[in-house]
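To start, the structure itself, in structure tokens.
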Amino acid sequence: MSVVLRKVEHSDLEHIQKLFKEVYGQTPTKGFSAAFLAHNDLLGYCLEDSENGFIVGYFGCFTYWREYGERSLKFYNTHSWIVKQDYRNHSMKLLMPYLKLKDGLVTNFSANRKVAQVLEKLKFEKREIRNYILKIPLSISSIFKQMRLKEQDLNDSILEAHQPCVGLCLSLQMPALDKALKMILKPIDRKPIWVQTINKFSQFLFRKPLITSSYLLWKLHYVNQVELLNRQLEILKTYLFLHYKIGGLVLPSNIGKELDARNLNYSHSDTIFIKANEISLTELDYLFSEVFYLNIADK
Amino acid sequence: MTKLEEKLTQIMSLVFEIPEDRIKEDSSPDDIENWDSIGAINLITAIEEEFDIEFDDEDLLEMLNFQLIKLKVKEKLNA
């Protein structure tokens, strides 16, 4: 069976969803479709059966620009390497174009064992990022600061707050800051301990959990100024809790390293594969790239 | 068949679990079922170990069939 390799286009969405359904038995999340249509840069590569034109393989990509100090870096965040069973001998073709990209960093956050094996062989650098959970409860002082912030008309302080696909993009001009604090946060499928405790009690009393979809842990994926964040973390934690029902923050260890260890719990490690191509990575200790988790393993 | 061809045939036969006589000059992922992504990586690793050479990722882009692999190995051995 011969195939043709080409770039993915917006008009391929329906066919890619079909491919997900065929390979995984389920279509991707709504967030995926929204992100797919919202991105105008490289969306990945696909394989078409050259006889009937059907898409039989896909290796997706979301492309982002991120500021790192004075530099603006381009990230090709690859995800979802899926190929129909009968066409698996062509699957490497989907990876090859990424090796040729020389103007950015190619990343992969969702490698299963097989994909990891391939990426390592192709000299993708493997990085383990330890994560910490920022402990709740909220302090009285942060609640007071939060109230003061509200009095100063918080709406004027929020330069940007939207939920583009999955998660939350925030750009805050807080009174104490001279620069805007930009962040990207995304929920992870875990509840903080305080929610688990409440749910345990409610299970015992009412035979059902009290808090189901809200107050999850959210992971910080991007921040433009780590130092600013650390300075404002206490008040920010309160803000996110009150405004967005964020039950706790998960921070990569290098962001949390300046924080008091008593406020942190070790959580888990993320494995990231990264290919720097022609861009030096020596100074990059945290990957400033937006991550798009589909919660489906690559196949 | 040269020694190099013989060795490559043996390696491919072992990696892809197919008889040696199925491996032809133009054999590629199109006609060898187990030549998927993992198969390709296993093949490259086996060749590197056997000949004590190392491929760059750019090389991998060109190793699309038996003949091209043979040329690449020759090139590396002569380098």
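The values are calculated or read from the model by the stated rules, or taken from the named source; none is laboratory data. The model shown is predicted, which means the values in this text are computed figures rather than measured ones. Quick reminder, even Gly has a Cβ in these numbers, built from the backbone with ideal geometry, and neighbours come from all protein chains shown.
Residues of region A:178-192 that are over 18 Å from A:TYR222 (Cα atoms) and surrounded by 14 or more Cβ atoms within 10 Å (Cβ to Cβ): A:ARG190, A:LYS191, A:PRO192. Scanning region B:15-32 for residues that are within 10 Å of the chain's Cα centre (by Cα) and more than 10 Å from chain A (Cβ to nearest Cβ) gives B:VAL15, B:SER27. The lone criterion from (1) in a loop (DSSP other than H, G, I, E, B); (2) surrounded by 23 or more Cβ atoms within 10 Å (Cβ to Cβ) left unmet by A:VAL56 is number (1).
Quickly run through region A:114-134 and pick out the residues that are crowded, with 18+ Cβ neighbours inside 10 Å and either away from chain B (no Cβ under 11 Å) or acidic (Asp, Glu) (or both).
Restricting attention to region A:114-134, the residues satisfying the condition of being crowded, with 18+ Cβ neighbours inside 10 Å are A:115, A:118-119, A:121-122, A:124, A:131-134.
Scanning region A:114-134 gives A:ASN131, A:TYR132, A:ILE133, A:LEU134.
Residues checked against (1) modelled with pLDDT under 75; (2) more than 30 Å from A:ALA34 (Cβ to Cβ):
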| site | (1), (2) |
| --- | --- |
| A:ASN77 | no, no |
| A:VAL83 | no, no |
| A:PHE109 | no, no |
| A:LYS121 | no, yes |
| A:ARG127 | no, no |
| A:ASP156 | yes, no |
| A:GLU160 | yes, no |
| A:SER171 | no, no |
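Of all residues in region B:33-62, exactly one satisfies the criterion of being under 12 Å from the mean Cα position of the chain (by Cα), at the interface with another protein chain (Cβ under 9 Å from one of its Cβ atoms) and part of a loop (DSSP other than H, G, I, E, B), namely B:TRP35. Screening A:ASP103, A:ASP86 for residues that are acidic (Asp, Glu) and under 23 Å from A:SER2 (Cα atoms) leaves exactly one candidate, A:ASP86.
On the basis of being at pLDDT below 85 and surrounded by fewer than 19 Cβ atoms within 10 Å (Cβ to Cβ), does B:GLU33 make the cut? In short, yes.
Could you tell me whether A:GLY31 is surrounded by 15 or more Cβ atoms within 10 Å (Cβ to Cβ), modelled with pLDDT under 80 and of a type in the set (Gly, Ala, Ser)?
Details: surrounded by 15 or more Cβ atoms within 10 Å (Cβ to Cβ): yes; modelled with pLDDT under 80: yes; of a type in the set (Gly, Ala, Ser): yes.
It is true that A:GLY31 is surrounded by 15 or more Cβ atoms within 10 Å (Cβ to Cβ), modelled with pLDDT under 80 and of a type in the set (Gly, Ala, Ser).
When region A:217-246 is filtered for residues that are touching a helix residue (DSSP H, G or I) at 6+ places or on another chain (Cβ under 8 Å) and part of a loop (DSSP other than H, G, I, E, B), only A:ILE246 remains. Taken across region A:254-274, residues that are buried (at least 17 other Cβ atoms within 10 Å of the Cβ), within 23 Å of A:GLU70 (Cα to Cα), modelled with pLDDT of 75 or more and out of contact with any Cys (no Cβ under 9 Å at 6 or more places or on another chain) do occur, with at least one present. For region A:40-53, residues that are surrounded by fewer than 18 Cβ atoms within 10 Å (Cβ to Cβ) and closer than 18 Å to A:ASP103 by Cα total 2. One residue stands out in region A:88-113 among those that are closer than 24 Å to A:SER11 by Cα and surrounded by fewer than 20 Cβ atoms within 10 Å (Cβ to Cβ): the one that is nearest to the other protein chains (Cβ to nearest Cβ), namely A:MET96. Among the conditions (1) over 12 Å from A:LYS275 (Cα atoms); (2) touching a residue at least 24 places away in the same chain (Cβ under 8 Å); (3) surrounded by fewer than 19 Cβ atoms within 10 Å (Cβ to Cβ), the only one that A:TRP81 does not satisfy is (3).
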